[in-house]
Amino acid sequence: MAGERRLRILAKLFDGTDVELGTKRLCEVCAEVTFMSGAGIMLMSDDLPRGSVCTTNDVSALVEQLQYDLGEGRA
């Protein structure tokens, strides 16, 4: 099942029109394939957040900032 999700993400990212992979598009595709209203990607080093790479909207940006400020949301 996880493999199918990865294939859907890759298919949406590489649609043949633009080979360059943008972080904004990556966040958008992650939200689309998980059926969420938004998404964000946070860089981590060990257990420490290093900063947000991208978000799809203001709510996602707020969630990313709160996770960073509070040290929460680590997987």
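Brief remarks follow.
- Net +/- balance of residues flanking Gly38 in space, Cβ distance below 13 Å, scoring K and R +1, D and E -1: -3
- Label reach from Glu72 (point 7 Å along Cα→C-beta): in the stretch 33-61, no amide nitrogen lies under 12 Å.
- Residues Thr56, Thr34 ordered from highest to lowest accessible area at a 1.4 Å probe: Thr34, Thr56.
- Accessible-area order (highest first, 1.4 angstrom probe) of the listed residues Asp47, Asp58: Asp58, Asp47
The values are calculated or read from the model by the stated rules, or taken from the named source; none is laboratory data. From a predicted model like this one, the values you see are computed outputs, not experimental measurements. All Cβ positions, even for glycine, are placed from backbone atoms using ideal geometry, and neighbour counts span all protein chains on display. Quick note on the areas: whole protein, heavy atoms, side chains included, nothing else; ligands and nucleic acids left out. Shrake-Rupley method; radii C 1.70, N 1.55, O 1.52, S 1.80 Å.
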